Amino acid sequence: MRTLPEDGHEVIGLDVLGSPYTSIVGSIADRAVVREAVSNVEAVVHTATLHKPHVESHGRADFVTTNIAGTLNLLEEAVAAGVSRFVFTSTTSAFGRALTPDEHEPAAWITEGVVPVPRNIYGTTKVAAEDLCELIARDEGLPVLILRTSRFFPESDDRDEVRNAYDDLNVKVNELLYRRVDVEDVVSAHRLALERAPALRFGRFIISATTPFTRDDLSAVRSDLPTVVRRLFPDFEDIFQARGWRMFPAIERVYVNERARTDLGWSPRCDFRYALERLAAHADPFSPLTRTIGRKGYHEVSTGVYTVR
């Protein structure tokens, strides 16, 4: 909604809350509202969802209504309106319990081929929504690409032990090694997905900063992450120490974006090396777009660190 108009595209924003970027106030659970929104449009980017933070504030039926029924509304109305492409913003949270290996096992190497094992109603409904996308793509011929995005929100970590132990920016830079992506790179992935959807027809893609790790590192990062990072980035400790930062002791999973880089032609800019260079220059490691969007919370009914105040 912020970047497409800059290139001359006409955009229509549908949201449950009004904003400068909202054209239609309404819910994707309302079929009539969806029909109005997709009328005479060429492409749909479906980002609407109840998120993980809403698990504490919404019932399971709410998740089903928005994430599953709402997605079906969008898909079917897109087909009826003759939409030429559909991009669905999903989440790496869909992998759920598959992200956590058994004790003493190497860190999990997460590609699109990993079978999701949803951990909660959020993951369950996002996987179901993905399956609806595939069903409609196969049955109706609507080109649909699914982008499983990793963390890109600017809010603080929702775990008390992490917030209490690390500076917030320290956490986010550490996560660029394996589970975070800059919002500017998320935007570029979505724009490439819009371009490539008619040719690719259907696909799932992990959208996360390019990890420096390989499969050979998986045992080591599970037991002693700082040693691996020191080998790959000999300058990281000096840069971190200047800020009083620390590397995580270990990680459990690594997201792999190879398919997105190969099939979409995606080249994310912000990775751990880029962040180190920016920090060394006393500059912000994340994009201006990240700061411009800022912290929006998850609507007034959210809980914890995600509450709108």
*Condition check for ALA107: more than 30 Å from LEU225 (Cβ to Cβ), surrounded by 17 or more Cβ atoms within 10 Å (Cβ to Cβ), modelled with pLDDT of 95 or more and touching a strand residue (DSSP E or B) at 6+ places or on another chain (Cβ under 7 Å)*: no
_Only listed residue being within 19 Å of THR111 (Cβ to Cβ), at pLDDT 95 or above and more than 15 Å from the chain's Cα centre (by Cα), chosen from LEU132, LEU200_ = LEU200
*For GLU6, are the conditions met, namely being of a type outside the set (A, V, I, L, M), closer than 22 Å to ARG191 by Cβ and out of contact with any Pro (no Cβ under 8 Å at 6 or more places or on another chain)?*
yes
_Selected residue [modelled with pLDDT under 95 and either at negative phi or buried (at least 20 other Cβ atoms within 10 Å of the Cβ) (or both)] from ARG138, ARG231, ARG159, ARG148_ = ARG159
*Determine whether the range 249-270 contains at least one residue that is surrounded by fewer than 20 Cβ atoms within 10 Å (Cβ to Cβ) and within 14 Å of LEU169 (Cα to Cα).*
no
*Any residue in the range 80-108 that's touching a residue at least 24 places away in the same chain (Cβ under 8 Å): show its pairings with residues that are surrounded by fewer than 17 Cβ atoms within 10 Å (Cβ to Cβ) and part of a strand (DSSP E or B) at Cβ separation under 7 Å, as long as the two are six or more apart or on different chains.*
GLY96/VAL117
*Is at least one residue of the range 218-229 of a type in the set (Asp, Glu), touching a helix residue (DSSP H, G or I) at 6+ places or on another chain (Cβ under 9 Å) and not in a strand (DSSP E or B)?*
no
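Filter the range 234-248 for residues that are of a type outside the set (S, T, N, Q) and surrounded by fewer than 18 Cβ atoms within 10 Å (Cβ to Cβ) and give the result.
Our first condition is that a residue be of a type outside the set (S, T, N, Q); within the range 234-248, this holds for 234-240, 242-248.
Correct list: PRO234, ASP235, GLU237, ASP238, ILE239, ALA242, ARG243, GLY244, ARG246.
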*Residue among ASN164, ASN174 that alone is modelled with pLDDT under 95 and part of a helix (DSSP H, G or I)*: ASN164
*Please verify whether the range 271-291 includes one or more residues that are within 21 Å of VAL186 (Cα to Cα), of a type in the set (Lys, Arg) and outside any helix (DSSP H, G or I).*
no
_I need the full set of residues from the range 1-36 which are part of a helix (DSSP H, G or I), free of Cβ contacts under 8 Å to residues at least 40 places away in the same chain, more than 25 Å from PHE152 (Cα to Cα) and not β-branched (Val, Ile, Thr), in order please._
ALA32, GLU36
*asked:* Six or more apart or on different chains, Cβ atoms under 8 Å: show the pairs whose first residue is in the range 119-130 and under 12 Å from ILE146 (Cβ atoms) and whose second is charged (D, E, K, R).
replied: GLU130/ARG204
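Search the range 103-122 for residues being touching a helix residue (DSSP H, G or I) at 6+ places or on another chain (Cβ under 8 Å) and among the small types (Gly, Ala, Ser), and hand back the single one that is farthest from THR66 (Cα to Cα).
Step one: of the range 103-122, the residues touching a helix residue (DSSP H, G or I) at 6+ places or on another chain (Cβ under 8 Å) are 105-112, 114-122.
If we keep only those that are among the small types (Gly, Ala, Ser) as well, we get 107-108.
Working: ALA107: 33, ALA108: 30 Å.
Of everything passing the filter in the range 103-122, ALA107 is farthest from THR66 (Cα to Cα).
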*Among the residues of the range 50-70, write down those that are crowded, with 18+ Cβ neighbours inside 10 Å and either within 18 Å of ILE12 (Cβ to Cβ) or of a type in the set (Asp, Glu) (or both).*
GLY70
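The values are calculated or read from the model by the stated rules, or taken from the named source; none is laboratory data. Nothing here was measured: the structure is a model prediction, and the numbers come from that model. All Cβ positions, glycine included, derive from the backbone under ideal geometry; neighbour counts span all protein chains shown.
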